[in-house]
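Visitor: Dropping the structure in here first, questions after.
The values are calculated or read from the model by the stated rules, or taken from the named source; none is laboratory data. Since the model is a prediction, treat every value here as computed from it, not as a measurement. Using ideal geometry, Cβ is built from the backbone for each residue, glycine included, and neighbour counts are taken over all protein chains shown. Side chains are part of the model used for accessible areas, which takes the heavy atoms of the whole protein and leaves out ligands, DNA and RNA. Shrake-Rupley method; radii C 1.70, N 1.55, O 1.52, S 1.80 Å.
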Amino acid sequence: MKLDIKKEAGFLLLTVVAGAISALGLWVFVFPYDFVPSGVDGIAVSLQEITNLNAGYFNLIINIILLIIAWFFINKRYVIYTAFFTVTSSLMCIVFEEMRFYQYTHPTNAMVSALFAGILGGVSIGLMLRQKASSGGLDIVAAIIQKKKGHIRIERIVSFLSYIIVASSIFIYKDLNCILLSAIQIFSTEITIKALLKDTRNAIEVKIVTDETDSIKDDILITLNHAATVLDGKGLYSGESKKFLIVVISIRQLSDLMKILKKYPDAFVYYSDVMGVHGHFDR
């Protein structure tokens, strides 16, 4: 497969930007307060609290070990881009300390700091996931497990390990407030990642089981100016042949489709959000 140099250079630049955003979130919003982010960053911040040595050093060391292991198990491109992210994020944390870069500090606004730490962390992780790489740490562990045991719900393993890291921080800070701030950071990170990964077209998948496929199909084609897919089906209880119609529409078209379906009271309809759409969505 031919390597697209221009495309890969763009991905590399985006990786460096994502690493810088991650470091910015840690330095500006996490380091000044007594709480730890989830994942390996949490371990690094905890070690920083104990040793007074910049978390960037610990983050770099831990991730280098994980990346060396990952090199023998998973996609090399994944490892390389994750390594660029890790090095950028870790070194930027160290550089910010040398520069005495601005840090957000306010005696009554720790919650705001945790919220924005999560947003910046989510942006950096989301950018990496969109280019099929990761932000390192527990994501590397997850990728290795997924490669060897694809059937395992790795997101549960990653979440469990993250919660253990966060819960353990109470022994360092000896304050329940650190756990609550970490929870806010984790929540805002997850929301931000979902927002970045979700397709901006807000598609809805509608599935219709009906005996009047031809009439509904014509209404969809003419009224919505949209295509659909028709499949053959069979009722489990009745044994009767049914038509199964699938259509993916924009969220703004849903009300128009439901008006159409009111003419067909015997139709069984259900619909759900679509994470993303690729191809001719407008047809």
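Visitor: Yes or no: ILE74 of a type in the set (Val, Ile, Thr) and in a loop (DSSP other than H, G, I, E, B)? Before the answer, list the steps.
Guide: On the way: of a type in the set (Val, Ile, Thr): yes; in a loop (DSSP other than H, G, I, E, B): yes.
Yes.
Visitor: For the structure I just gave you, tell me whether ILE222 is surrounded by 16 or more Cβ atoms within 10 Å (Cβ to Cβ) and hydrophobic (A, V, I, L, M, F, W, C). Can you show your working first?
Guide: Working: surrounded by 16 or more Cβ atoms within 10 Å (Cβ to Cβ): no; hydrophobic (A, V, I, L, M, F, W, C): yes.
Here the answer is no, as ILE222 does not meet what is asked.
Visitor: Quick one: VAL230 ticks every box in (1) more than 17 Å from ASP211 (Cα to Cα); (2) assigned to a strand (DSSP E or B); (3) not aromatic (Phe, Trp, Tyr) bar one, so which box is it?
Guide: (1)
Visitor: I'm checking my understanding of the structure. Among residues of the range 63-80 that are hydrophobic (A, V, I, L, M, F, W, C) and open to solvent by less than 40 Å² (accessible area, probe 1.4 Å), which one is modelled with the lowest pLDDT? Outline the logic, then answer.
Guide: Applying the first criterion (hydrophobic (A, V, I, L, M, F, W, C)) to the range 63-80 yields 64-74, 79-80.
Pick out the ones that are also open to solvent by less than 40 Å² (accessible area, probe 1.4 Å) and you get 66-67, 70, 74, 79.
Details: LEU66: 92, LEU67: 92, ALA70: 89, ILE74: 83, VAL79: 90.
The extreme case among them is ILE74.
Visitor: Those residues that are open to solvent by less than 40 Å² (accessible area, probe 1.4 Å) and over 18 Å from PHE96 (Cα atoms), I need them from the range 39-61; list them, please.
Guide: GLY39, VAL40, GLY42, SER46
Visitor: Let me ask you something else. Only one of (1) open to solvent by 20 Å² or more (accessible area, probe 1.4 Å); (2) modelled with pLDDT under 95; (3) within 19 Å of the chain's Cα centre (by Cα); (4) over 21 Å from TYR163 (Cα atoms) is not met by ALA20, so which one is it?
Guide: For ALA20, the failing item is (2).
Visitor: Being in contact (Cβ under 8 Å) with a residue 12 or more places away in the chain and open to solvent by 100 Å² or more (accessible area, probe 1.4 Å) is the filter here, so list the residues in the range 256-269 that pass it. Step through it out loud before you land on a result.
Guide: Going through the range 256-269, the residues in contact (Cβ under 8 Å) with a residue 12 or more places away in the chain turn out to be 256-257, 260-261, 263-264, 266-269.
Selection gives LYS263, ASP266, PHE268.
Visitor: Let me ask something else. VAL209: in a strand (DSSP E or B) and either open to solvent by less than 50 Å² (accessible area, probe 1.4 Å) or touching a Cys at 6+ places or on another chain (Cβ under 7 Å) (or both), yes or no?
Guide: On the way: in a strand (DSSP E or B): yes; either open to solvent by less than 50 Å² (accessible area, probe 1.4 Å) or touching a Cys at 6+ places or on another chain (Cβ under 7 Å) (or both): yes.
Judged against the criteria, VAL209 is a match.
Visitor: Consider the range 112-143. How many of its residues are in contact with a helix residue (DSSP H, G or I) (Cβ under 6 Å, 6 or more places away or on another chain) and either under 20 Å from ALA183 (Cβ atoms) or among the small types (Gly, Ala, Ser) (or both)?
Guide: Going through the range 112-143 one residue at a time, the tally reaches 21.
Visitor: Return only the number of the condition from (1) touching a residue at least 60 places away in the same chain (Cβ under 8 Å); (2) within 23 Å of the chain's Cα centre (by Cα) that ARG77 does not satisfy.
Guide: (1)
Visitor: Among the numbered criteria (1) more than 18 Å from PHE35 (Cα to Cα); (2) small (Gly, Ala, Ser); (3) at pLDDT below 80, which single criterion is violated by SER215?
Guide: Going through (1) more than 18 Å from PHE35 (Cα to Cα); (2) small (Gly, Ala, Ser); (3) at pLDDT below 80 one by one, SER215 breaks only (3).
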